[in-house]
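So the structure is just underneath, and the comments pick up after that.
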């Protein structure tokens, strides 16, 4: 028992001693921790994986943070990391809130010019260039690279290593990548650890790291060169030297092997851009389809409403309102068409409804409407005005066209019941109003309908059927316009239109000095048509240019034939005021003709009527000047017949004045007329222009002109216009005196 007590006391003693030792060790450790200094370390923000904010813990982390924390704790410091707010480390060094700043490659000078001390190297950071795709880079001394503004110190080192290199600093990586893709820089320079993170961004997947490291830099911490700063650096250096390389590499590998980049909304858009484009296109299509559908439905509703207003539900033709609207549109769209407005009324239609029933009457109206619509073109219109009354806007056709319409539409209508075995002969009263030029200028369909109704009432009041014109003279004129303008091309092709010549003579010598080219038209059914009839119609319908070009070409053909026979002649051709427009280049037309037939320009004399100069003086003067530059002789035709003025003689550049002799004809004081003629001849001579008198009909007129100094003349006293064969023979006969 005694032995057991001794052993027990011994064990208790040992346990107490062990407990005391443990307490001492624990107290020593607590004391050491409590006594450790806090070291505030300033680090750059957003430079993953070296330095960045852990969004889960809200603490700064990264390769640089972990390495420095290990070293600081071994040196007896409590490491506290703060993201620097300054743009560069140089600025941050002057901020007393930080004990040390990192990273540095070597000691630098602060922004205020103070010296610094730095720790031993924590690790080597290789710097690598990134390019846009597989771009070939220039030599290093000629390359243009981009770097972040926070690497301004590194940029200075790069400039020292490669003096010829060009560096542009950017505030963010996004800005530098934009510059790279825009071709403003050749590459971006940063350390490889940062690239391992940055290139995880989906939209940077096409950026390529250059295989060779450009250079490597030390990774150090630094502070101002003060006693306190040197003490901190010395304590940290002791532990940096002791830091084993496997532990250092383990920290680096841990961060560089992880996928630290977290996709943002922009990355989501980029990764799914094709799908999003497809979805957007589909949504756009659906929206467009819905809008189109709604618009279509709306248009259909509007069309239905218009049809109710503008169309007759029984016959399908236009209603009164629809007819007036369509008629106005046609007159605006086709102002060159010759139109007439027809108002039709079936006599005793009320009797038909009462005897045969309204259904039969409706059938008759539908038949009439369908027959008429089938016979009309898109440039014509028909409308049911009311009951059995229809209005038709028709193009004026020749007599043959009218006969076809009567046979295909009117006769079947009148025989509607007899063709169906009923002995009822319809009677139709028709009023016709032929549109005048004024109707095209001031369109009033109601007024035209009133005129057509008045004509219809006139025939109805006679208790007869048939048609009556409101303005029969306009109808005849309209038929002439259609007949002449519609037949012109055929007349030119078949030779119905001929070139005739009226000789111009030198009264002193009795010889033919030239001729004026005129045209004559022998119509196959109408016979010879007077130029006084067809020329104004062709001018009104805009077809005179086609006729004039034909005449000019035929004259040039005759001149060439005469030249080939050794008989050089000159001919005056007329240039209508309707021919002269800015898009026709009349001088060019004549020049091409003389070139085509090998003529001299002075063989063509271009006659322009005096009134044309009055209507468009500036453009006519320009045209006249260009004709004379090409060598053509230009004549002012009909001088003295209309709006003569001394001002025109001063302004208009012409070679010859063609004087009209109306002063010596008609009523008025003949003696005054002779005085005017005499003075005009002297005036033209003084102005240096040539003169020819036209319309000479008597020997007395010829003698007066000759005595007054005008030798060249033209008129019936000498020759009437004649076919080309007679004109050629006239040269051998000479001139009567």
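A few remarks follow.
- Exposure proxy order (Cβ contacts within 10 Å, fewest to most) of 610, 74: 74, 610
- Cα-based convex hull, the stretch 445-553, per residue volume (Å³, whole number): 166
- Full-extension gain in nm, residue 247 to residue 91, via 0.36 nm per residue minus C-alpha separation: 52.9 nm
- Between the stretch 185-204 and the stretch 226-258, the Cα center-to-center distance that results, in Å: 25
- Förster radius 51 Å - calculated FRET efficiency between residue 114 and residue 141, Cβ distance, rounded to 0.05: 0.95
- Tilt relative to the chain, helix 617-629 - C-alpha long axis, 0 to 90 degrees, to 10: 90
- Pair-distance distribution of the stretch 381-500: all C-alpha pairs, bin width 5 Å, starting at 0; shares per bin in whole percent are 2, 9, 14, 20, 18, 14, 9, 6, 5, 2, 1, 0, 0.
- Histogram of C-alpha separations across the stretch 125-218, 5 Å bin width, %: 3, 14, 28, 29, 20, 6, 1
- Contact order normalised by residue count of the stretch 686-737, Cα under 8 Å, 6+ apart, percent: 36
- Grouping the Cα pair distances of the stretch 481-733 into 5 Å bins from zero gives a pair-distance distribution of 1, 6, 13, 17, 18, 18, 15, 8, 3, 1, 0 percent in increasing distance order.
- Angle between the chain longest axis and helix 63-74 axis [Cα atoms, degrees, rounded to 10]: 20
- Helical content alone sets the calculated 222 nm signal of the chain at -15000 deg cm²/dmol, taking -39,500 (n - 2.57) per DSSP H segment of four or more residues and averaging over every residue.
- Computed over the chain, Cα set: Rg, Dmax in Å: 54.4, 190
- Helix 227-242 axis, angle to the chain major axis (alpha carbon atoms, nearest 10°): 80
- Order by protection proxy (mean Cβ within 10 Å, highest first), peptides 320-331, 351-362, 587-598: 320-331, 587-598, 351-362
- Förster radius 22 Å - calculated FRET efficiency between residue 350 and residue 423 (Cβ-Cβ, nearest 0.05): 0.70
- Span from the the stretch 484-540 Cα centroid across to the the stretch 43-107 one, whole angstrom: 107
- Computed on the chain, with alpha-carbon pairs under 8 angstrom and 6+ residues apart, the relative contact order is 8 percent.
- Computed packing ranks the peptides 469-482, 411-424 as 469-482, 411-424, most packed first, by mean other Cβ atoms within 10 Å.
- Packing-based order for 559-568, 168-177, using average beta carbon neighbours within 10 Å, highest first: 168-177, 559-568
- Computed over the Cα atoms of the stretch 311-470, the ratio of the radius of gyration to the Kirkwood radius (Rg/Rh) comes to 0.96.
- Applying 1/(1 + (r/R0)^6) with r as the Cβ-Cβ distance of residue 540 and residue 263 and R0 = 56 angstrom yields a FRET efficiency of 0.10.
No lab work stands behind these numbers, since they all come straight from the coordinates. Source: prediction; values computed, not measured. When we count neighbours, we look across all protein chains shown, and the Cβ atoms used for this are built from the backbone with ideal geometry, even at glycine.
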